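Right, one structure below, let's go through it.
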Amino acid sequence: MLNASPEVQVRPGIEADIQALVDIYNHYVLDTPITFDTVTFTPEGRIEWLRSHPEDGPHRLLVAQDALSARILGYATSSPFRPKAAYSTSVEVSVYCSPEAKGRGIGTLLYEALFEALAGEDLNRAYAGVTQPNEASVRLHERFGFRHVGTYEEVGRKFGTYWDVAWYEKPLGERRGDATAETA
């Protein structure tokens, strides 16, 4: 277990979790503008995504599980920020909680475990895109040291409305590979 409390345990996601993860994410697809996906996923259609987040390395998937019922309450991920090689020390992070788990501190517990797990990785920055308005997500990211770096206005259309996405950035680890420092 990465992080545990009497009520909730945080651990790496496994293939047996796929249905619960799909159910949580599909809620956001169908009922919110938080994700710009507009078509729901099936477990079969999401399994490669799960497999792209191993238990170690910079791209992780952690789940919060109710200790008594074993129900998945939410998950957090760190994923590649962009596909080009020079972006490899940056990750995009996200957290999704089941509707019943909102307001219980599950997102905080997941991010604590995620950033603890990433602490030893060769990473320089974490980024998060937050569809606006979403005060709870903004507060969560600011609590973890993210700062607002810009907003894409009306970047996505869902439910017949254009939505803005605010981008947040957080420094991670020690700075490596700085050409100026190497030549000084």
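So PRO43 fits all but one of (1) closer than 23 Å to ALA117 by Cβ; (2) in contact (Cβ under 8 Å) with a residue 24 or more places away in the chain; what number is the exception?
With respect to (1) closer than 23 Å to ALA117 by Cβ; (2) in contact (Cβ under 8 Å) with a residue 24 or more places away in the chain, PRO43 is out only on (1).
Checking the condition within 17 Å of TYR25 (Cα to Cα) and touching a residue at least 12 places away in the same chain (Cβ under 8 Å), which residue from VAL95, VAL91 passes?
One residue alone meets the criteria, VAL95.
Checking the structure you have, find out if any residue of region 50-69 is of a type in the set (Gly, Ala, Ser), in a helix (DSSP H, G or I) and either closer than 28 Å to LYS158 by Cα or touching a residue at least 40 places away in the same chain (Cβ under 8 Å) (or both).
No, region 50-69 contains no residue that is of a type in the set (Gly, Ala, Ser), in a helix (DSSP H, G or I) and either closer than 28 Å to LYS158 by Cα or touching a residue at least 40 places away in the same chain (Cβ under 8 Å) (or both).
Those residues that are among the aliphatic types (A, V, I, L, M) and not in a helix (DSSP H, G or I), I need them from region 11-26; list them, please.
Once the filter is applied, which keeps residues that are among the aliphatic types (A, V, I, L, M) and not in a helix (DSSP H, G or I), region 11-26 yields only ILE14.
Can you tell me which residue is surrounded by the fewest Cβ atoms within 10 Å (Cβ to Cβ) among those in region 74-115 that are closer than 14 Å to SER137 by Cβ and aliphatic (A, V, I, L, M)?
VAL95
Among (1) farther than 19 Å from GLY129 by Cβ; (2) modelled with pLDDT under 95, there is one condition PRO83 misses while meeting the rest; what is its number?
Answer for PRO83: the failing condition is (1).
I'd like to check which strands (runs of 3 or more DSSP E) are fully inside region 81-164 and have at least 2 residues that are over 17 Å from the mean Cα position of the chain (by Cα) and basic (Lys, Arg).
So the answer is 147-158.
The values are calculated or read from the model by the stated rules, or taken from the named source; none is laboratory data. Model, not experiment: these values are computed from the prediction. FYI the Cβ positions are ideal-geometry reconstructions off the backbone, even for glycines, and counts take in every protein chain you see.
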